[in-house]
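Shown next, in structure tokens, is the structure this report addresses.
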Amino acid sequence: MLTQDIDAGRSRSILAVRVGLGLGLLTSSTAYSDDKELDRASVIYARGDKLYKSDSKGKGEVELVALPSKAVVRALRTDAKGTVLLADLNGKWWWMPLDGSKKSLVQLPCGEGPAQLPPDGSCVLCRSTAPGDKALVVNFSTGKLIPLDVPATGARIFNVGLTRRVAYSDATGVWSIALADPRKKTKLAPEPPLRAFLPSPDGSRAVGVYKEPTFEGRTRTDPVDTLVTFALDGQGARRKGIRNGVPLEWSQDSEYVLVQDGPAACLMRTGGGQYKCWKGFTAVSIAPDGSYALVLGNRDISAKAPARTAKPAKPAKPAPPPTDDELDSGPVADDVPVALPSGPLALYRARLDGPYDAAPVLVAKIVDGAAVWIPGR
């Protein structure tokens with residue numbers, strides 16, 4: 001486990017102490033839950049024209065559902081209790097309950113773009129098919145559609161007591177509205193992120209990219225784009241994370257974020273800044289307590305790449321922001337912020353706890369798309 005030292009000028013001795021403390025903290029907080037979660041969880045993954053389900057160790061594989069013709073599974077998601085499956089097939093969102101009552105995926109009336117499930121899996125927040133980046137809520141049980149006049153990119157439903165709210169970011173700040181009264185909004189942070197806004201499932205914090213100052217020794221340099229965690233409390237105090245990381249998904253306990261940092265899949269703890277990365281893998285899903293990540297890697301080699309324990313490798317150059325012409329041409333297809341790797345793929349399970357040089361463990365030798373961790377009930 002490597003603790004990221006935010007101020008580059010601090011001494012190596014301080015960093016060593018923080019590494020030790022970080023490892024002790026993560027080990028004590030996740031060791032017991034790791035084993036329990038692993039024993040009762042399952043995974044769903046794509047192969048050929050079907051989705052398959054196995055236990056979290058890759059045993060007991062069964063066919064779950066057939067896919068539409070020529071479907072490419074770009075993303076799979078579920079809720080906190082694993083009651084609903086959400087699937088991005090060729091840029092369109094589909095869903096099915098996981099209680100065995102349905103034997104096929106049903107396409108949702110969503111446009112191409114992001115989609116998020118609330119913790120209870122009762123509905124989905126996605127992009128409307130209307131022009132522009134507008135949000136739409138689809139109730140799974142009733143089929144009711146609730147259009148919202150807020151940006152869909154990054155928006156998320158969370159609960160405050162019995163009130164269901166939506167967090168979102170626009171040019172004026174970060175806000176939330178109640179679904180029952182969307183005309184009244186509450187400020188969650190004064191300055192919106194430049195991109196990659198992703199709120200936590202409980203609505204207490206978010207990650208996003210801001211311009212942040214850097215240091216060379218004790219000299220402050222010009223601000224650069226940096227992934228940070230910030231509170232959704234109206235003040236928006238920020239903590240630096242993996243600088244060039246792309247956030248993919250929160251753990252359901254709102255403590256960890258699944259991040260892709262160039263060629264490495266990472267689990268990042270938002271409260272303390274610790275993270276663990278596996279170079280040569282692409283992140284696709286996270287356990288509800290952040291104890292495991294599902295990652296894709298080359299199926300023709302065994303998983304021998306250790307977790308990162310030294311200085312991070314130089315990250316890949318981030319993609320430039322869209323131009324005005326690209327924005328005017330329609331919504332950006334940002335439902336999959338990190339493209340799946342090409343070539344023959346296998347699915348691996350990476351563990352947050354334990355030896356920090358441990359390689360991910362093989363779950364499924366042959367997969368042809370995304371995968372998702374299904375929490376035990």
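The values are calculated or read from the model by the stated rules, or taken from the named source; none is laboratory data. Computed from a prediction, not measured in an experiment: that's the story for all the values here. No Cβ is skipped: glycine too gets one built from the backbone with ideal geometry, and neighbour counts run over all protein chains shown.
Taking each residue of region 162-181 that is on the phi > 0 side of the Ramachandran plot and looking for partners that are part of a loop (DSSP other than H, G, I, E, B) with beta-carbon atoms closer than 8 Å, six or more apart or interchain, yields Gly173/Pro190; Gly173/Glu191; Gly173/Pro192.
Checking region 218-229 against the condition returns a match, with at least one residue being closer than 30 Å to Thr83 by Cβ, touching a residue at least 12 places away in the same chain (Cβ under 8 Å) and not aromatic (Phe, Trp, Tyr). Here Ala178 meets each of (1) surrounded by fewer than 23 Cβ atoms within 10 Å (Cβ to Cβ); (2) at pLDDT 95 or above; (3) within 30 Å of Glu37 (Cβ to Cβ) with one exception, condition (3). Candidates are the residues of region 263-281 that are surrounded by fewer than 24 Cβ atoms within 10 Å (Cβ to Cβ), in contact with a Lys or Arg (Cβ under 8 Å, 6 or more places away or on another chain) and not charged (D, E, K, R); the one that is farthest from Ala370 (Cα to Cα) is Gly273. Checking each residue in region 117-153 for being closer than 15 Å to Ala178 by Cα and among the β-branched types (Val, Ile, Thr) picks out Val137, Ile146, Val150. Here Leu117 passes the criteria (1) at pLDDT below 95; (2) within 23 Å of Gly132 (Cα to Cα) except the one numbered (1). As for region 182-192, it holds at least one residue that is in a strand (DSSP E or B), touching an Asp or Glu at 6+ places or on another chain (Cβ under 9 Å) and at pLDDT 95 or above.
Only one of Pro114, Pro118 is touching a strand residue (DSSP E or B) at 6+ places or on another chain (Cβ under 6 Å) and crowded, with 19+ Cβ neighbours inside 10 Å; which?
That would be Pro118, the only listed residue that is touching a strand residue (DSSP E or B) at 6+ places or on another chain (Cβ under 6 Å) and crowded, with 19+ Cβ neighbours inside 10 Å.
Which one is modelled with the lowest pLDDT, of the residues in region 221-240 that are surrounded by fewer than 12 Cβ atoms within 10 Å (Cβ to Cβ) and over 22 Å from Tyr275 (Cβ atoms)? Applying the filter and picking the extreme gives Thr221. Would you tally the residues in region 46-87 being over 17 Å from Leu347 (Cβ atoms), surrounded by 16 or more Cβ atoms within 10 Å (Cβ to Cβ) and touching a strand residue (DSSP E or B) at 6+ places or on another chain (Cβ under 9 Å)? Total meeting the criteria: 7.
Checked against (1) of a type in the set (Lys, Arg); (2) at pLDDT below 95; (3) buried (at least 20 other Cβ atoms within 10 Å of the Cβ), Arg205 meets all criteria but (2).
Would it be correct to say that Asp253 is closer than 26 Å to Pro360 by Cα and surrounded by fewer than 18 Cβ atoms within 10 Å (Cβ to Cβ)? Walk me through how you get there before you give the answer.
Values: closer than 26 Å to Pro360 by Cα: yes; surrounded by fewer than 18 Cβ atoms within 10 Å (Cβ to Cβ): yes.
Judged against the criteria, Asp253 is a match.
When you check Val284 against the structure, is it touching a Pro at 6+ places or on another chain (Cβ under 8 Å) and crowded, with 24+ Cβ neighbours inside 10 Å, yes or no? Break it down into steps so the answer makes sense when it comes.
On the way: touching a Pro at 6+ places or on another chain (Cβ under 8 Å): no; crowded, with 24+ Cβ neighbours inside 10 Å: yes.
Considered against the rule, which asks whether it is touching a Pro at 6+ places or on another chain (Cβ under 8 Å) and crowded, with 24+ Cβ neighbours inside 10 Å, Val284 comes out as no.
Here Val332 clears all of (1) modelled with pLDDT under 55; (2) part of a strand (DSSP E or B) except the condition numbered (2).
For Asp289, the conditions (1) surrounded by fewer than 24 Cβ atoms within 10 Å (Cβ to Cβ); (2) touching a strand residue (DSSP E or B) at 6+ places or on another chain (Cβ under 6 Å); (3) under 15 Å from Ala80 (Cβ atoms) all hold with the exception of (2).
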